[in-house]
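Enquirer: Questions regarding the structure given below will be posed in turn.
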Amino acid sequence: RKEVEQDPGPFNVPEGATVAFNCTYSNSASQSFFWYRQDCRKEPKLLMSVYSSGNEDGRFTAQLNRASQYISLLIRDSKLSDSATYLCVVTYNTDKLIFGTGTRLQVFP
Amino acid sequence: DTAVSQTPKYLVTQMGNDKSIKCEQNLGHDTMYWYKQDSKKFLKIMFSYNNKELIINETVPNRFSPKSPDKAHLNLHINSLELGDSAVYFCASSLTGNQPQHFGDGTRLSIL
């Protein structure tokens, strides 16, 4: 089993739609969780950290479920500019981030 | 002002050559990393340095040798390049381990 698993997609959604991605992780000792965004031929950029109580940043909501070992990302009111690959990231040892393979989102007009 | 900068952005070279990629960060971070992203877009850590000291050394051929002259720089030297080394190499830095990382633009390495 991979350490961090994501559905590769692509998720094709119309503008204005709500879309959700899940990510599962295998190591119960995982400590920190993040969502990164990567545009085509660009570097990954931090979208948001994921906190135990769940957190929201504008149209983006992240949730953590430690019991079931998954994190989720919800995007409301999708924009064309949200089209990208969303990478789930988990850490369980100091200095080591494990990246998922990413979920591709394509928002169409 | 670029936070994490790596050079060159593109590197096209022949099999068997030796090449280096440089990385510098001006964020005052203690930890720096090298990642490889292959054609399937999987991002995999190669090395991590904390304050010039090697922390993580994943299963990487010993043709790859990182060097950190100070905590703001982490260079990657690759000997005897092979076709399978073709990928995008990203440098990143973070304040400490477990903290979010800032990535450079990437170096696109193509082996002919």
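Enquirer: Check the cysteines of the protein assembly as shown one by one and keep only those with no other cysteine Cβ under 4.7 Å from their own.
Expert: A:C40
Enquirer: Calculate I(q)/I(0) for segment A:1-81 by the Debye formula, one identical point scatterer on each C-alpha and no solvent, and give its log10 at q = 0.20, 0.23, 0.26, 0.27 Å⁻¹ to two decimals.
Expert: At q = 0.20, 0.23, 0.26, 0.27 Å⁻¹ the computed log10 ratios are -1.01, -1.27, -1.46, -1.49.
Enquirer: Enumerate the calculated ³J(HN,Hα) couplings along segment B:36-53 in order (Karplus 6.51 cos²θ - 1.76 cosθ + 1.60, θ = phi - 60°), each rounded to whole Hz, writing x wherever the residue is Gly or Pro.
Expert: 10, 10, 8, 5, 8, 6, 7, 9, 10, 6, 10, 9, 9, 10, 10, 6, 6, 10
Enquirer: Using a probe of 1.4 angstrom, how much of the accessible area of chain B is carbon and sulfur, in percent?
Expert: 48
Enquirer: Hey, another quick one. At 7 Å along Cα-to-Cβ for each site, give me the label-to-label distance between B:K67 and B:F42 in nm.
Expert: It is 3.1 nm.
Enquirer: Karplus couplings for segment A:38-44 from phi (6.51 cos²θ - 1.76 cosθ + 1.60, θ = phi - 60°), rounded to Hz, Gly and Pro as x?
Expert: 10, 7, 4, 6, 10, 7, x
Enquirer: In whole Å, what three semi-axes, largest first, describe the equivalent ellipsoid of chain B built from its Cα gyration tensor (square root of 5 times each eigenvalue)?
Expert: 22, 14, 13
Enquirer: Name all residues of segment B:1-33 having a backbone nitrogen under 12 Å from the label point set 7 Å from the Cα of B:L95 along its Cα→Cβ direction, giving them as ranges.
Expert: Under cut-off, by backbone N: B:28-30.
Enquirer: Once the Cβ-Cβ distance between A:D77 and A:S52 is put in as r, and R0 is 30 Å, what FRET efficiency do you end up with, to the nearest 0.05?
Expert: My answer for the efficiency is 0.70.
Enquirer: Continuing with this model, one more query. Just the number, please: carbon plus sulfur as a percent of the accessible area of chain A, 1.4 Å probe, no ligands or DNA/RNA counted.
Expert: 47
Enquirer: Continuing with the same structure: Take the eigenvalues of the Cα gyration tensor for the protein assembly as shown, scale each by 5, and report the square roots as semi-axes in whole Å, largest first.
Expert: Computed over the protein assembly as shown, the values are 30, 20, 16 Å.
Enquirer: If you don't mind, another one. How large is the accessible surface per residue of chain B, computed with a 1.4 Å probe and reported in Å² as a whole number?
Expert: On a per-residue basis, 49 Å².
Enquirer: What's the total accessible area buried between chains B and A, using a 1.4 Å probe, rounded to the nearest 100 Å²?
Expert: 1700
Enquirer: Sequence neighbours fewer than 8 away in the same chain don't count; with that in mind, list the lysines whose C-alpha is under 25 Å from B:K41.
Expert: Answer for B:K41, where 25 Å is the Cα cut-off: A:K2, A:K42, A:K45, A:K79, A:K96, B:K9, B:K19, B:K22, listed by chain and number.
Enquirer: If you don't mind, there's one more thing I want to ask. Using Cα pairs under 8 angstrom and six or more residues apart, how large is the relative contact order of segment A:3-109, in percent?
Expert: 39
The values are calculated or read from the model by the stated rules, or taken from the named source; none is laboratory data. Not measured: the values here are computed from a predicted model. Glycine also receives a Cβ, built like all others from the backbone with ideal geometry; neighbour counts cover every protein chain displayed. All accessible areas refer to the heavy atoms of the entire protein, side chains included, with ligands and DNA or RNA removed. Shrake-Rupley method; radii C 1.70, N 1.55, O 1.52, S 1.80 Å.
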